[in-house]
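The values are calculated or read from the model by the stated rules, or taken from the named source; none is laboratory data. Bear in mind the structure is a predicted one, so any value in this text is a computation, not a measurement. Virtual Cβ from ideal backbone geometry, glycine too; neighbours counted across all protein chains shown. With ligands, DNA and RNA removed, areas are computed over all heavy atoms of the protein, side chains included. Shrake-Rupley method; radii C 1.70, N 1.55, O 1.52, S 1.80 Å.
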Amino acid sequence: MPRLLAAAVTCLLSAALAAGAAFGIVALLGATPDQPNVPLVTFPTSSRSASPATPAEKR
């Protein structure tokens with residue numbers, strides 16, 4: 001009987017430790033600040049609007 005009781009107590013303590021660790025990890029992940037949404041690459045924008053190409057002028 002003492003072995004069965006020791007096994008049950010060990011099982012309960014390990015389950016409680018695992019649940020506490022899981023909640024702690026989730027809390028740490030939720031506490032991290034959001035990263036700014038800054039693009040790594042930017043392309044220059046044209047001052048002209050997107051219009052179709054004009055044909056070459058005749059002389």
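For (1) open to solvent by less than 100 Å² (accessible area, probe 1.4 Å); (2) at pLDDT 95 or above, each residue gets a yes or a no:
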site	(1), (2)
5	no, yes
16	yes, yes
19	yes, yes
51	yes, no
59	no, no
Taking segment 21-41 and keeping only residues that are among the charged types (D, E, K, R) and surrounded by 10 or more Cβ atoms within 10 Å (Cβ to Cβ), one is left with none
